[in-house]
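Accompanying notes for the structure given below.
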Amino acid sequence: MDKTALSVASLTDEPDDLAFWLSKTPQERLAAVEFLRTVNYGYDPTTDRLQRVLRVTQLGTD
């Protein structure tokens with residue numbers, strides 16, 4: 001992420017977001033969505049998994 005870039009625009013100007021995202025490849029768009037999702041939800045794939053359930057039972061001798 002380039003933290004030195006600064007853009008000043010008027011609130012009445014039309015945004016050019018669509019042109020920006022259409023210029024990106026599908027892989028870059030998915031990477032951006034994944035980044036925003038992890039920032040928003042704090043997702044950590046190493047800790048957020050389904051828990052395994054282990055149950056030991058005795059076989060009946062009927």
Fill in: Sole exception among (1) at pLDDT 75 or above; (2) in a loop (DSSP other than H, G, I, E, B) for residue 44, by number
(1)
Discussion item. I'm trying to understand the selection: among the residues of region 1-22, which are over 20 Å from the mean Cα position of the chain (by Cα) and not charged (D, E, K, R)?
Written reply: 4, 5, 6, 7, 8, 9, 10, 11, 12, 15, 19
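Return the total of residues in region 1-21 being assigned to a loop (DSSP other than H, G, I, E, B) and under 19 Å from residue 31 (Cα atoms).
Residues meeting the conditions: 3.
The values are calculated or read from the model by the stated rules, or taken from the named source; none is laboratory data. These figures come from a predicted structure and were not determined experimentally.
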